[in-house]
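Report on one structure; see the data block that follows.
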Amino acid sequence: MILVLLGAPGAGKGTQSKSLCARYGLTHLATGDIFRSEIAAKSALGEKASEYVKTGKLVPDNLVTEMVAGRIEPGGKYLLDGFPRNLAQAQSLADIMTHNKAAIDMVLYLDLAREEAIKRLTSRRICGKCGEVYNVLTQPPPASGLCACGGKIEQRADDSVETAQKRLMVFDDLTKPLAAYYKAEQIFRSVDAARDPSQVTAALCSEIDKAASKV
Ligand code: AMP
């Protein structure tokens with residue numbers, strides 16, 4: 001099974017990915033997470049990507065596509081989170097699929113209003129060690145500022161108001177048009193992401209199970 005999770009920054013792709021990967025036995029391929037770890041490791045790829053990630057711009061397509069292609073094995077089961085991000089990347093993904101004699105089973109879109117996305121992004125805090133996500137409004141981190149794992153809880157640099165707005169503009173301009181692209185292929189499903197995370201998970205699973213039962 002190959003799933004693509006689309007949605008604005010802040011729509012809950014990371015949270016939902018964890019649940020879906022556990023339930024369907026998928027490998028989570030999150031391009032944003034990979035870039036952050038490459039940047040932290042100061043690798044050659046990290047050095048190239050750093051300025052783009054910091055300022056909320058898209059990393060050039062060739063770097064992203066090469067990175068993804070190198071991680072998708074023929075016959076593997078994946079959930080793609082944060083890729084593709086524009087039409088050129090969608091075309092590259094189609095090429096990777098053809099090369100692997102595979103196909104995308106479903107593109108799931110987490111639909112969230114821009115104001116809610118901004119609120120979620122700017123109130124989000126993350127443990128630098130285990131990646132646990134907190135939210136100063138709905139799930140405040142402990143007063144110590146430390147996660148249960150002992151890691152320091154921090155705001156992602158690109159979750160500042162200015163950069164979050166930039167990322168949402170990039171999403172509207174470049175990523176949102178992918179909805180029409182995948183609708184035409186009839187593998188697109190949209191889910192209301194403004195609800196409680198567990199309700200969103202239930203809605204996503206219902207779409208996946210419905211499609212699987214038709215095969
Ligand atoms: P995310 O964690 O998905 O919000 O991604 C964080 C940042 O990583 C983005 O703002 C981009 O700078 C970069 N990034 C992640 N995925 C992609 C992609 N598919 N194409 C280009 N840049 C990406």
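What to note about this one:
- Test: Lys57 is assigned to a loop (DSSP other than H, G, I, E, B), more than 21 Å from Leu20 (Cβ to Cβ), modelled with pLDDT of 95 or more and more than 12 Å from the ligand (Cβ to nearest atom): no
- Look at (1) within 16 Å of the ligand (Cβ to nearest atom); (2) closer than 25 Å to Ala41 by Cβ and you find that Gly151 fails only one, number (1).
- Cross-chain or 6+ apart pairs with Cβ under 6 Å, region 147-173 first and farther than 16 Å from Ala8 by Cβ and without any contact (Cβ under 8 Å) to a residue 24 or more places away in the chain, then surrounded by 12 or more Cβ atoms within 10 Å (Cβ to Cβ) and basic (Lys, Arg): Cys149/Lys129
- Residue that is surrounded by the fewest Cβ atoms within 10 Å (Cβ to Cβ), among those in region 22-68 that are β-branched (Val, Ile, Thr) and in contact (Cβ under 8 Å) with a residue 60 or more places away in the chain: Thr55
- Within the set Ala157, Ala194, the sole residue that is at pLDDT below 95, under 18 Å from the mean Cα position of the chain (by Cα) and over 24 Å from Leu87 (Cβ atoms) turns out to be Ala157.
- Answer residue from region 133-192, given it is among the hydroxyl-bearing types (Ser, Thr, Tyr) and in contact with a Lys or Arg (Cβ under 6 Å, 6 or more places away or on another chain) and is nearest to Phe35 (Cα to Cα) among those: Thr175
- Top-ranked residue in region 83-118 [being over 28 Å from Ser213 (Cβ atoms) and in contact (Cβ under 8 Å) with a residue 40 or more places away in the chain; ranked as farthest from the ligand (Cβ to nearest atom)]: Ala113
- Test: residue in region 65-76 that is under 17 Å from the mean Cα position of the chain (by Cα), more than 8 Å from the ligand (Cβ to nearest atom), at negative phi and not in a helix (DSSP H, G or I): yes
- Thr122 meets all of the listed conditions (1) in contact with a Ser or Thr (Cβ under 6 Å, 6 or more places away or on another chain); (2) of a type in the set (Val, Ile, Thr); (3) crowded, with 16+ Cβ neighbours inside 10 Å but one, namely (1).
- Residue count for region 96-155, restricted to those that are among the acidic types (Asp, Glu) and assigned to a helix (DSSP H, G or I): 2
- Check on Asp209, closer than 26 Å to Lys57 by Cβ, among the acidic types (Asp, Glu) and either in contact (Cβ under 8 Å) with a residue 12 or more places away in the chain or outside any strand (DSSP E or B) (or both): no
The values are calculated or read from the model by the stated rules, or taken from the named source; none is laboratory data. Quick caveat, the model's predicted, so the values are computed rather than measured. Positions of Cβ are generated from backbone atoms using ideal geometry, with glycine treated the same way; all protein chains shown enter the neighbour counts.
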